[in-house]
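Everything below concerns the one structure shown next.
The values are calculated or read from the model by the stated rules, or taken from the named source; none is laboratory data. It should be emphasised that the depicted structure is a prediction, and the values quoted were computed from it without experimental measurement. Cβ placement follows ideal geometry from the backbone for every residue including glycine, while neighbour counts extend to all protein chains displayed. Ligands, DNA and RNA are stripped out before the accessible areas are found, and what is left, the full protein with its side chains, is counted by its heavy atoms. Shrake-Rupley method; radii C 1.70, N 1.55, O 1.52, S 1.80 Å.
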Amino acid sequence: MLRTRLIRAIFKGSSRNVTHIVCFKWIHSSPNISIHLRSRTVRDLQIFQHARSIRTTKCIYGIEEVKAPNFPDSVSSGDVKLIKKEGDAVAMDEVVLEIETDKTALPVMSPGHGTIAKMLVKEGESVKSQQPLFQVNVTGVAPTKAAAAPAPAAPAPAAAPAAAPAPAAATASAAPKPAVATPKPTAAGPAVVKKAAAGPTLAAQKLGDPTKVISGSRTELPVPMNRMRKRIAERLKEAQNTCAMLTTFNECDMSKLMAFRKANLETFTKKYGTKLSFMSPFLKAAANALMDQPVINGVIIGDDIIYRDYVDISVAVATPKGLVTPVLRNVESMDYPRIELSIAALAEKARNGKLTPADMQGGTFTISNGGVFGSLLSMPIINMPQSAILGMHAIVQRPVAIKGKVEIRPMMYLALSYDHRLVDGREAVFFLRKVRSGVEDPTSILAGI
């Protein structure tokens, strides 16, 4: 009875000419029920798509059209980057193409094992939400790695003999070049010879004739900016044009934090499966300082100042496609282990290119750690629409005055760039001092001071 009702629902409003077979699996709260339907005309895949719309999952075989995912409200379109081409064998959930948006790259995967029947978009084409991208002939047969391995190996021997004559051709083409170059000085006129003779003999022997063409490659390769890089450039310039940006500096002694980390690193790693880094103390110290100075955690929207009772910190991460800022939410209620596990999860997603726009939306404050690349000092640019950003830098052994004596300590410069329209210098300095005290003495955070 259940099967009959399902078949009637699928065929409702569809045509009846026998030309195709559609098979799919319907997931119900009861054990899985596999239903095989011999349909009458799957004109434009109407029956299949209708079947998918009533709680069905991946197609077992047949032509399936894949559309672009739903974009967030802040994203209207994206650029296509093809990974597969027509005729390529694909496995279930294998990435066929990526859609590069302003914020991240969204992977679009194959719905099942089969081959790419038709590509409906081109490389670099701009697509919108729910736009058809490609069609997959789902056969249910997974591509085997063994079959794919001999294919690239076959042309390799053939390519080797073809490459062998290349040096001979190069020497043959290189031989006439001096002969062609020799008449050029005579054509240049006596002025060139006179100028060369006037120069120092030793310099002329070392540098050669400056009138000759410079040897070596001087290639210029234009590469179009991807959508993410364009958006980053727009946002950075928007921050400079909008904010009355000012930067204030401070420094902190990392001795106690380094000793704290060293004493707890092994135990922390065994218990939580991730290392205790310097980021969690800085994020926690920044969250405490933001709760102490809420204006820095606020933002100007129109004629209003929006204050928040929560802290969502964006952590700047450099990726091959550009700088991204995934967000850790409610940091004020986190401890060190939860912060480290959250950072590790976001870093793993960033390395695999699986960050979603939801991972980067929001954020009330940003921390950028240029010290991992060796930066000694910088003036970070505010991540709009936030009001401030904290820059961490390299830890350097420097002589400092401690109780009237000069000692060598591991020191780090801290830089806070803030929107002076909202934040005064007093709040900015108090914020940096609060961060410094939380970093220089990690136990003060545990004590709630």
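Here are some notes:
- If you go through the range 402-416 and pick out every residue that is under 30 Å from residue 290 (Cβ atoms) and over 42 Å from the mean Cα position of the chain (by Cα), you end up with 1.
- Strands (runs of 3 or more DSSP E) contained entirely in the range 249-355, each with at least 2 residues that are under 23 Å from residue 428 (Cα atoms): 299-301, 304-306, 313-315
- Test: residue in the range 370-388 that is closer than 19 Å to residue 436 by Cα, in contact (Cβ under 8 Å) with a residue 24 or more places away in the chain, in a strand (DSSP E or B) and of a type outside the set (S, T, N, Q): yes
- Scanning the range 376-389 for residues that are in contact with a Ser or Thr (Cβ under 9 Å, 6 or more places away or on another chain) and open to solvent by 80 Å² or more (accessible area, probe 1.4 Å) turns up 379, 385.
Residue-wise test of (1) closer than 17 Å to residue 372 by Cα; (2) under 17 Å from the mean Cα position of the chain (by Cα); (3) not aliphatic (A, V, I, L, M).
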| position | (1), (2), (3) |
| --- | --- |
| 324 | yes, yes, no |
| 329 | no, no, yes |
| 332 | no, no, yes |
| 335 | no, no, yes |
| 339 | no, no, no |
| 351 | yes, yes, yes |
| 355 | no, yes, no |
| 358 | no, yes, no |
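- Each residue in the range 390-442 was checked for being open to solvent by 60 Å² or more (accessible area, probe 1.4 Å), in a helix (DSSP H, G or I) and either without any contact (Cβ under 8 Å) to a residue 60 or more places away in the chain or acidic (Asp, Glu) (or both), and 1 of them qualify.
- Selection count where residues are within 15 Å of residue 353 (Cα to Cα) and either assigned to a strand (DSSP E or B) or modelled with pLDDT of 85 or more (or both), scope the range 94-112: 12
- Residue list for the range 360-372, filter: open to solvent by less than 30 Å² (accessible area, probe 1.4 Å) and either over 27 Å from residue 396 (Cβ atoms) or within 15 Å of the chain's Cα centre (by Cα) (or both): 360, 363, 364
- Of all residues in the range 316-345 being in contact with a helix residue (DSSP H, G or I) (Cβ under 7 Å, 6 or more places away or on another chain) and modelled with pLDDT under 90, the one that is most open to solvent (accessible area, probe 1.4 Å): 323
Residue-by-condition table, conditions (1) open to solvent by less than 30 Å² (accessible area, probe 1.4 Å); (2) not charged (D, E, K, R):
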{"position": "234", "(1), (2)": "no, no"}
{"position": "245", "(1), (2)": "no, yes"}
{"position": "250", "(1), (2)": "no, yes"}
{"position": "254", "(1), (2)": "yes, yes"}
{"position": "287", "(1), (2)": "yes, yes"}
{"position": "296", "(1), (2)": "yes, yes"}
{"position": "303", "(1), (2)": "no, no"}
{"position": "314", "(1), (2)": "yes, yes"}
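- Qualifying position, being open to solvent by 20 Å² or more (accessible area, probe 1.4 Å), over 21 Å from residue 319 (Cβ atoms) and under 24 Å from the mean Cα position of the chain (by Cα), among 103, 128: 128
- For residue 118, the conditions (1) at pLDDT 85 or above; (2) outside any loop (DSSP other than H, G, I, E, B); (3) surrounded by 15 or more Cβ atoms within 10 Å (Cβ to Cβ) all hold with the exception of (3).
- Among the residues of this structure, residue 364 counts as one that is under 22 Å from residue 416 (Cβ atoms) and of a type in the set (S, T, N, Q).
- Of all residues in the range 67-90 being part of a loop (DSSP other than H, G, I, E, B) and among the hydroxyl-bearing types (Ser, Thr, Tyr), the one that is surrounded by the most Cβ atoms within 10 Å (Cβ to Cβ): 76
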